Every structure is written in C-alpha cells, then in structure tokens.
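Single-structure report; data block below.
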Amino acid sequence: MTTSAHALVSVLAANGIDRIFQVPGESFIGILDAIRDCPTIDLVTCRHEAGAGFMACADGRLTRRPGVVLVSRGPGASNASIAVHTAQQDAIPLIMIVGQVPKKDLRREAFQEIDYHKSFGSIAKWVFEATDPSQLGEMAFKAIRMATSGTPGPVVLVVPEDVQQQTVAQPEFIVRPNAPTTAAADTLDELRVLIAQAERPLIIAGGAFDRPAGREALQAFARAWHLPVAVSFRRHDVFSNRDPLFVGDLGLSNPANQIEAFRQSDLILALGTRLDDITSQGYTFPDLPKPTQALVHCYPDPHIVGLHFAPHIGLVCDPVRLVVDLMPHDAVAVSTNRRDWAARLRDIHEGIARWPERDPQDGVDFARVVQSLSRQAPAETLVCLDAGTFAAPVYRHFPFSFPQRLMAPLSGAMGYGTPAAIAAQLRCPQARVVCMVGDGGFMMTGNEMISAVERRLPILFIVSNNASYASIRIHQERSYPGRVSGTGLFNPDFEAIGTAFGMKSLRIDRVDQIDAAIAQGLAADEPIFIEVRSSLQVSLPSQSASTRS
C-alpha cells in the first residue's frame, strides 16, 4: 500500500518510533490501517486518551524520541490535552496525531470539530492541519524535528479523515539531530577563571543531563572542580544523591535554612535547567531580575537563556558539551573555604533527607513504605510517581542513584503514575518498575493497569489510600483551619479492584507488614498490587503525629 497514511507512518518508523499509544476513533481508521502494515510499530490500545497521552509522555522522556499518541477529534483530543500540557511543562518530545472531520466540513462547526490551532497554539510548539494527502509524510518529518529541537516539547498534527487514503509517493525522510554546540574559547577561559576564583559555587543541574553520557559528564565536572550540585525541580536522578557533592533539590517545600544557604553562593552555574518558577522558588532565588551572584545560565534554547534572570554569562549551547569542555587541564587545588562550603550544604541536605520516625494513629506513615522500597529496590529501578502528598517522602528522602530513575510529572498532573509505569516497563523490560499513586490519582487513570495484566508486565503498583485529596486539604487547613470542604474521598475496595483486574493483591494496614509486602512485590514476575491504608494525619499542618526521634 502507498496511501498518505502509510507515508505518515513510514516516516515515523524510519525515525525510530516503534510504539504508538491510542484510543481508537473513526476519524483516523486510515492511519490505524497503515499501522497494521508496519510490523516495527507496537500499537498500544488504551482505555482513556489521558492515559494514552501520559504513556506517550513517559515513552518520549525515556527514549528522547517523540512519544506518539493517536486520538480522535473533539472529545478524544480534549481528553488528551493534559498530555500536551505535561509535555510542554516537562520538556518532553511528544507528537499528538488527531483525526479530524472531513476537509469539506472544516470551520463549519461540524460534529466534534475543534480548531486545534486555537486550542493548542499556546502550549504546543507547532500545530499543523493537513489539507492535502501529499502533506502527511512531510508533516511527520517536521513534527519530529520540532518536537526534539531546542526545548523539547509537544507537536499537534491534525489529519482530516478524508485525506488518509489517497495514493501518494512514499518519502524517505530521516531527521538528523543538530550538532552539539559549546562556548567560544575565550568564553571558556572566562568561565574557568570564574569557577577557579569562586569560594561558594553552586551548580543547579537540570533535565538536559538526562541523556547518554550526560550524567557522567556532570559528575566528572563537579568532582574535578569540587562543585556542590543541587538538582532542579524533580530532576533527582541526574546526579547521584549518594555523592558527597549532592546538596539537594530545588522543589516545592525547601526549608528556609537550605535556601538561605544557597543564597550565600557567590557563583551559580545553572546548567541544563530552564530556571522555572519552582526551581527558582517563585522567582526569588536567585534575585530577579539581576542576581547578586555571578550567574552562568546554559540551555540549548535562546528563548530560555535570560528569559527571567539576567545572566553574567548566558550560553545558548549544549550543557553536556560545555561541562566536558570546562574540565580543568590540571588537577584543581581545592581551597579549604570551598571544601567547607560544600560540606556545609551537604550537611543541611542530610538533615533534610533523614527518614522520619512517626507513629500516626490514623494509618500507616507512607514514608515507611518509601523507606522500605529504598532499602530493597534493585539498582535498575524506575519509580513512577503520580501527583500528591504521598510522593513527598520520595522527593525528600529516596536516595536516587542512576540507573535508578525518577519518573514524575513536573506539571503536577494527577493521573500520570499508572500510565507512565506501563510505558516505562514496555520500554525498559529489564528494569524493575514501581508505580506509586494516591487514591485520587489512581481513580483517574488506574484503569490503564489492565495493560500490565494483558502483557504480563511485572509492575509493582502501590496505592496510598488516605481517603482524601490531601494536597488540597493541606492548603485548606492552612487557610481555613477546621473547615474541610470538598476534599474527602469515599473510596472503593482497592484491594478488590486489583484482584478483579487479575493481579495478586495485598493490603498494608500495619507497619510490620511493609517489608514483606515490598519484597514480594519486587520479586514478582507479573504485576502485583498493594493498597496501603495511609495516614492523613502526618500530612496536615494543623496536626502532628507523635514521634520517637
């Protein structure tokens, strides 16, 4: 076959895209037919477009190729819009292909029609609606380039249902990545002087190091110059948390003493990070718009560098190549002041990361579950998190060390965890994948775990059940103490749900059950489901659990 749909699919396949996630719709059956003729593409059928989109986001993050999600017009695209937003917030390459109404009906407010330029124009890097069958191969080629260049992100391709079946030439388009760039020689010399003279330097390392050789280059650079490393928001796995130079993450609830210590730095090397609002603590660290410290900001997108903070040196280049080029020519004589500075920041981090010892009366402290997982997890473990308070112990206490990976949505999107785990286990069959999700997020996309049963994916699903949208409840307790409204949950029997889906299911009601349940889950060769009856008390600012520390 040589249809326009085959042209689109063949370009995707030729560029290494071997998996597509979808919920079927009549508006793209021509594309589904073409995929049937492409044996290198695994078609994953999902139960909701949000789940399919989250799977594509996770796949794009792991492969650094565009994750691809295929959805129908109107309701399908609307359901999947959360994935487009997540890909934009998380800097993930994503292609969403939308089946559209027939070309003759465009802009007539036809059944389920949406103008996707208006709907997605502010969050997608590119939105294109084909009007001729000959465009399908070309638009797939451009979509791959757009999604992966500069700041990676989402692209939306709109394909009317009547331009998918025509005979067209089959293109052979292969995307060639741009060559990595670095600073000019005189700028490298200036940077080396800045680094050598700084007594209190600090690296803020971002997601651009999440690539082959990226982590190794960052570690070698930090060690060679003895530079303490903080990671940007939810990028814990780009630098080993066990390294003495790791000094924490910049997230949602950094203690005041840690941020105050970071403020005392005299050189900030912001490498591979967009310095977003959370990493910059609401645009307060460093000072906006002109930091008091010397700021070096390196990111491979001219829109980002200098967007909020005026850098002393701004570099639109590859941060991995930059740190390789900045390796010292000779061994560095590290001053006592710099050693003391790095040790001080490390001590603060270790105090923050110390596991709590709490005895709540209303359920199990979920931090105990995370602690048990951290002790037992093998080296190659992917921790897929949903959004919610249950995840706080992971961000604060779990000592990630690559190849352990953190898969969590920077966008804060609920419903991410279960689909991400499916995509991660499909992509990394040799790894142990653990999904941790709250009761709220699980009820949004937990149905996608049926794919784990269908394909016998050995995922450990852990649901924290505290019968609350606890993140919002916390804000309520702070702003309106004792006036709970709309945040309580009446939940089903989660253990029974896991069993009904065809998985072995366990329930943790007591602390003394945790280690055995986690061990059983990690040893399983098929999916296993654990419900934890978790404490709400430990999360709330107006209440405090008794401690033994």
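The values are calculated or read from the model by the stated rules, or taken from the named source; none is laboratory data. Because the structure is a prediction, the values reported are computed rather than measured. Note that each Cβ is placed from the backbone with ideal geometry, even for glycine, and that neighbours are counted across all protein chains shown.
A few remarks follow.
- Residues within region 29-69 that are touching a residue at least 60 places away in the same chain (Cβ under 8 Å), charged (D, E, K, R) and in a loop (DSSP other than H, G, I, E, B), tallied: 3
- Hits in region 335-372 (condition: of a type in the set (K, R) and closer than 24 Å to S534 by Cα): R354, R358, R368
- Only residues that are over 18 Å from S134 (Cα atoms), of a type in the set (S, T, N, Q) and in contact with a strand residue (DSSP E or B) (Cβ under 9 Å, 6 or more places away or on another chain) were counted across region 4-26, and they come to 1.
- The residue of region 45-78 that is farthest from the chain's Cα centre (by Cα), among those that are surrounded by 24 or more Cβ atoms within 10 Å (Cβ to Cβ) and of a type in the set (K, R), is R73.
- When G415 is tested against (1) out of contact with any helix residue (DSSP H, G or I) (no Cβ under 6 Å at 6 or more places or on another chain); (2) on the phi > 0 side of the Ramachandran plot, just one condition goes unmet, and that condition is (1).
- Screening D277 with (1) closer than 30 Å to G153 by Cβ; (2) touching a residue at least 24 places away in the same chain (Cβ under 8 Å); (3) not hydrophobic (A, V, I, L, M, F, W, C) gives one miss only, at (2).
- Subset tally (residues that are within 13 Å of V369 (Cα to Cα) and aromatic (F, W, Y)) for region 494-524: 0
- When V229 is tested against (1) in contact with a strand residue (DSSP E or B) (Cβ under 7 Å, 6 or more places away or on another chain); (2) touching a residue at least 40 places away in the same chain (Cβ under 8 Å); (3) among the aliphatic types (A, V, I, L, M), just one condition goes unmet, and that condition is (2).
- Tally, over region 70-104, of residues that are within 18 Å of R47 (Cα to Cα), part of a helix (DSSP H, G or I) and of a type outside the set (V, I, T): 8
- The residue that is farthest from T381 (Cα to Cα), among those in region 266-283 that are assigned to a loop (DSSP other than H, G, I, E, B) and touching a helix residue (DSSP H, G or I) at 6+ places or on another chain (Cβ under 8 Å), is Q281.
- For V84, the stated conditions hold: it is closer than 26 Å to L410 by Cα, in contact with a helix residue (DSSP H, G or I) (Cβ under 9 Å, 6 or more places away or on another chain), modelled with pLDDT of 95 or more and of a type in the set (A, V, I, L, M, F, W, C).
- Residue list for region 225-240, filter: over 21 Å from L385 (Cα atoms) and among the β-branched types (V, I, T): V229
So that you can scan it fast, the table gives a plain yes or no per residue for (1) surrounded by 16 or more Cβ atoms within 10 Å (Cβ to Cβ); (2) more than 24 Å from the chain's Cα centre (by Cα):
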residue: V320; (1), (2): yes, no
residue: D325; (1), (2): yes, yes
residue: Q361; (1), (2): no, yes
residue: L382; (1), (2): yes, no
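- Of all residues in region 240-255 being over 16 Å from A408 (Cβ atoms) and assigned to a loop (DSSP other than H, G, I, E, B), the one that is nearest to the chain's Cα centre (by Cα): S240
- Of all residues making up region 414-433, the number that are surrounded by fewer than 24 Cβ atoms within 10 Å (Cβ to Cβ) and either closer than 21 Å to T389 by Cα or of a type in the set (F, W, Y) (or both): 1
Residue-by-condition table, conditions (1) over 19 Å from I92 (Cβ atoms); (2) out of contact with any Leu (no Cβ under 7 Å at 6 or more places or on another chain):
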position: C384; (1), (2): no, yes
position: A387; (1), (2): no, yes
position: P393; (1), (2): yes, yes
position: M407; (1), (2): no, no
position: M436; (1), (2): yes, no
position: I450; (1), (2): yes, yes
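- I450 satisfies every condition listed in (1) in a strand (DSSP E or B); (2) in contact (Cβ under 8 Å) with a residue 60 or more places away in the chain except (1).
- Filter result for L269 (surrounded by 19 or more Cβ atoms within 10 Å (Cβ to Cβ) and in the same structural domain as L194 (by TED's automatic domain parsing)): yes
- All helices (runs of 4 or more DSSP H) inside region 453-549 with 2 or more residues being surrounded by 20 or more Cβ atoms within 10 Å (Cβ to Cβ), among the hydrophobic types (A, V, I, L, M, F, W, C) and in the same structural domain as T418 (by TED's automatic domain parsing): 494-500, 514-523
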